Every structure is written in C-alpha cells, then in structure tokens.
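> Sharing a structure here in structure tokens format.
The values are calculated or read from the model by the stated rules, or taken from the named source; none is laboratory data. Given the structure is predicted, the values throughout are model-derived calculations rather than measurements. Here the Cβ positions follow ideal geometry from the backbone for every residue, glycine too, while neighbour counts run over all protein chains shown.
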Amino acid sequence: MFNLPKYREPDFTEDRFAKAPDVKWETVTIKGVAPENYHSTSMYPEYFKIDGEWRLAKESRMDSSVVIGEDGELKVVENRNLEIGDKVILGRSENAEEGIYLHATGFEDPEEEEGDQFVFRQGRSRETSFARDYDRLFELLKYEKEHGNILWVMGPAFSFDADARRAMQAMVENGYVDGLMAGNALATHDLEGSMFHTALGQDIYTQKSQPNGHYNHLDVINRVRRSGSIAQFVDDYKIDNGIMYSCVKNDVPFVLTGSIRDDGPLPEVIGNAYEGQTAMREMVKKSTTVICLATMLHTIATGNMTPSYRVLEDGTVRPVFLYTVDADEFVVNKLLDRGSLAATTIVTNVQDFIMIVAKGLGLL
C-alpha cells in the first residue's frame, strides 16, 4: 500500500528563525535583468521572511528569481521573464541569516537512522537491482491515478517497437497518463507506426526495412501538415492505434518541442526554444509524478524545471516524484543528486521498462 510521505515544515519558533531579519528586495529596472545579488532558487522548498512571517514559495523551479507580488504571494520567475517594477528578493545565504531558508529535509523521517558511512554500489548501474523500484512505482502510479497528475517525458525509442507502443497506449487508455512531453521524432515515428507499421522505414515488429521505407516518415509529416493538426490527421486517415492516437482520443494534453535537426516538423511542434520551455513548464506545474524516458536533453530540461514538492489547494505540501529511465548510466546519474524522494533512476531500455510497468499494473 502506497503512503504519501509526510511533510514536516521548519520549526519557526527556533531563535534563528525568530531573530532572522526580513528579506531584502530590489526593483527590476531593466526588463529580463535581475538586480545584483538576486536569490536563485533550487528544487527544494524555500521560505522567505516578509513582514515578520515566513512564507513558502508555492511554485518553484531551479535557477530562477523570487518576486514579491502585490498581494504578498511569492512568484518564482525565470530571469528572462522579469518585468520592470518586479520586487526581486536578494540574498545568497539559505539558513535564515538573510530571511531566506532552504528546507531540503522536509520529507525525511527524523526517526530513521543513517546507514553505514561506507557502502558498495552507491550509484545506479546495469548491475543494480530495480525490483523494489518497480514495485514502488506500481503503487505510486495507482495512487497518482486517483490523487495526482502523471507526466511522461518520452524519447522516440518507444515508437520503434510494436510492443512498447501497445503498452504505452494501454497506459493512456487506462488513465495513467495526464500529460506527455516529447519532440518531433516521437510523434512522427509513432504516427508512422500507426499508418505504415514502420519507424524510419523499418517494420516495428520484425525490424525489416520496407521498400522505399525512408519515405514513410516524410509522407506522414506531409499528410499531417496537410490535415493541419495531429488530431485532424487521426480523423482524416482513420488512425486507430499508437501513442499519439490514444492521447488525441483520450484528451491527454501534449507538448512537442523542436530541434534544429527536425524534419517537417509536425504542426504542433514548437520551434522556438523558449516558447517550448514555457509550454513545458506549464505542464510540469500540474504534475506530481514525472517519468522521463530515453531522452537526455528533455530529461535534463524537465529535471531543471521540476521542484521536489507541490503545494496543493488545501495548503498540503507533498513530494513530486521524478523517475528517469535510460540505457545509458551517464544520463540517469545526472539527476541522482536531486534527493532520494525526488528522483529514482533505472538503467534499462525503455521498451522493456514500459512492458514491465504495463504488466505490473495488469494492463497487458
């Protein structure tokens, strides 16, 4: 049975908090430029003392400034989005000395004893046992289906395997996907699989190259562009399978962001990198569990904009769970320092991963 970790806020009756000064702030004078000595945020809960009261920034992300709104609410804003007149909090310390406190241990149980200082296999590798991680993930997904928001960040590897596409379609259709973020390639080759049963011209089951198969993804892009949207393409060509098909038919929102190497791209692909980042962050803000699969750049980008916590409408603070799955140990280990509750890494190919997850949830 899954139990959501309890959040323990700091004891603000302690002297260091009671005697701490209010934060200092300075007004932005140049659009998109923070004042000197601005405070830059992390993925952890951060409190700021304003008018003698410690306040939590409710929506955060790494490497951004904190703006004091007219209503006293704290807004975490990327420096490029700062407006003239914004009141930006100043300070580089994080232990209450400047009215700023970073609370990195809010979800840790103080009664748990620390283990040995020396242990084998502190990292995550192909030799790591992930059985417990899978079991926890199954329970987490069942909980989040009813109480949270599950965001999937996907590379194109899914679209090259018939079983992986089928498993991911089952995840969407059974309510385990609340949002999808990917690039042009995942959507293009998934739709190619829907129309031609190929990806980059290779049969997605036998892996055999088909005659003139190198045209298939280009033909799909051309036809989607003619239809004007992925949803219209699904209707125009009677598409009845695949990841994008299931998102369209189940009203699951998706954000597709482009790269310099894209063919086409598909109509929904956002070509401007900063517009794409903004669209991704809006989707991340709603999420409580984020699963990143075989896409290094999207994983790093998503990790940077995903906080370790979420403040719910009733004021409850809960953790945000981040999973990253990749066959390359280097990719998953880049996010290992985000905290034990915030990040879980699994080293495997994502086709096997999604089949295990779908079967573990009883979908296949």
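> Taking segment 299-318, which residues are under 16 Å from Tyr47 (Cα atoms) and in contact (Cβ under 8 Å) with a residue 40 or more places away in the chain? Outline the logic, then answer.
Our first condition is that a residue be under 16 Å from Tyr47 (Cα atoms); within segment 299-318, this holds for 307-311, 315-318.
Residues satisfying the conditions are Pro307, Ser308, Tyr309, Val311, Thr316, Val317, Arg318.
> Output the residues belonging to segment 319-331 that are in contact (Cβ under 8 Å) with a residue 60 or more places away in the chain and out of contact with any Cys (no Cβ under 9 Å at 6 or more places or on another chain). So that I can check it myself, show each step before the final result.
Going residue by residue through segment 319-331, those that are in contact (Cβ under 8 Å) with a residue 60 or more places away in the chain are 319, 321, 323, 329.
Within segment 319-331, Pro319, Phe321, Glu329 qualify.
Yes or no, residue by residue, for (1) within 16 Å of Val284 (Cβ to Cβ); (2) part of a loop (DSSP other than H, G, I, E, B):
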| residue | (1), (2) |
| --- | --- |
| Trp25 | no, no |
| Ser60 | yes, yes |
| Val66 | no, no |
| Asp71 | no, yes |
| Arg80 | no, no |
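> Among Leu191, Leu180, which is the only one that is touching a strand residue (DSSP E or B) at 6+ places or on another chain (Cβ under 6 Å), closer than 23 Å to Met296 by Cα and surrounded by 14 or more Cβ atoms within 10 Å (Cβ to Cβ)?
Numbers: Leu191 fails: touching a strand residue (DSSP E or B) at 6+ places or on another chain (Cβ under 6 Å).
When all the criteria are applied, what remains is Leu180.
> Looking at Arg281, Arg318, which one is within 30 Å of Ser229 (Cβ to Cβ), of a type in the set (D, E, K, R) and at pLDDT 95 or above?
Details: Arg318 fails: within 30 Å of Ser229 (Cβ to Cβ).
Result of the check over Arg281, Arg318: Arg281.
> Which residue is nearest to Met181 (Cα to Cα), if the candidates are limited to segment 144-164 and must be in contact with a Gly (Cβ under 6 Å, 6 or more places away or on another chain) and buried (at least 21 other Cβ atoms within 10 Å of the Cβ)? Before the answer, list the steps.
Residues of segment 144-164 that are in contact with a Gly (Cβ under 6 Å, 6 or more places away or on another chain), as a first pass: 145, 151, 159.
Applying the additional criterion that residues be buried (at least 21 other Cβ atoms within 10 Å of the Cβ) yields 151, 159.
Values: Leu151: 8, Ser159: 14 Å.
Once the filter is applied, the top-ranked residue is Leu151.
> For a quick check of your reading of the model, give me the residue pairs whose first member lies in segment 230-254 and is farther than 15 Å from Val220 by Cα and surrounded by fewer than 18 Cβ atoms within 10 Å (Cβ to Cβ), whose second is at pLDDT 95 or above and of a type outside the set (Gly, Ala, Ser), with beta-carbon atoms closer than 6 Å and at least 6 apart or on different chains.
Asn250/Val172
> Continuing with this model, one more query. Might you let me know whether segment 263-270 holds any residue that is part of a helix (DSSP H, G or I) and over 14 Å from Asn149 (Cβ atoms)?
No, segment 263-270 contains no residue that is part of a helix (DSSP H, G or I) and over 14 Å from Asn149 (Cβ atoms).
> Which one of these is farther than 25 Å from Met280 by Cα and within 28 Å of the chain's Cα centre (by Cα): Ala185, Ala199?
Details: Ala185 fails: farther than 25 Å from Met280 by Cα.
Of the residues listed, the single one that is farther than 25 Å from Met280 by Cα and within 28 Å of the chain's Cα centre (by Cα) is Ala199.
> Among Asp240, Asp219, which is the only one that is among the charged types (D, E, K, R), assigned by TED's automatic domain parsing to the domain that holds Arg261 and assigned to a loop (DSSP other than H, G, I, E, B)? Please lay out each step first, then the result.
Details: Asp219 fails: assigned to a loop (DSSP other than H, G, I, E, B).
Result of the check over Asp240, Asp219: Asp240.
> Restricting to segment 61-93, what's the tally of residues that are touching a Leu at 6+ places or on another chain (Cβ under 9 Å) and in contact (Cβ under 8 Å) with a residue 60 or more places away in the chain? Explain how you work it out, then say what you get.
Step one: of segment 61-93, the residues touching a Leu at 6+ places or on another chain (Cβ under 9 Å) are 65-68, 74, 88-89.
The next check asks that each one be in contact (Cβ under 8 Å) with a residue 60 or more places away in the chain; those that pass are 88-89.
Qualifying residue count for the region: 2.
> Which one of these does Val269 not meet: (1) surrounded by 15 or more Cβ atoms within 10 Å (Cβ to Cβ); (2) in contact with a Gly (Cβ under 9 Å, 6 or more places away or on another chain); (3) within 27 Å of Thr345 (Cβ to Cβ); (4) among the hydrophobic types (A, V, I, L, M, F, W, C)?
Here Val269 meets the rest and fails (3).
> Any residue in segment 345-352 that is hydrophobic (A, V, I, L, M, F, W, C), assigned to a strand (DSSP E or B) and crowded, with 20+ Cβ neighbours inside 10 Å? Talk me through it step by step, then tell me what you get.
Initially, segment 345-352 is screened for residues hydrophobic (A, V, I, L, M, F, W, C), giving 346-347, 350.
Among the residues that remain, those that are also assigned to a strand (DSSP E or B) are: 346-347.
After this cut, where a residue has to be crowded, with 20+ Cβ neighbours inside 10 Å as well, the list is 346-347.
So far as segment 345-352 goes, yes, one or more of its residues are hydrophobic (A, V, I, L, M, F, W, C), assigned to a strand (DSSP E or B) and crowded, with 20+ Cβ neighbours inside 10 Å.
> Restricting attention to segment 222-237, report how many residues are assigned to a helix (DSSP H, G or I) and of a type in the set (Phe, Trp, Tyr). Before you say what the answer is, go through the steps one by one.
So the first thing to find is which residues in segment 222-237 are assigned to a helix (DSSP H, G or I), and the list is 222-227, 230-236.
Now drop any that are not of a type in the set (Phe, Trp, Tyr), which leaves 233.
Adding up the residues that qualify gives 1.
> Please indicate, with yes or no, whether at least one residue in segment 257-265 is surrounded by 15 or more Cβ atoms within 10 Å (Cβ to Cβ) and hydrophobic (A, V, I, L, M, F, W, C).
No, there is no match, as no residue in segment 257-265 is surrounded by 15 or more Cβ atoms within 10 Å (Cβ to Cβ) and hydrophobic (A, V, I, L, M, F, W, C).
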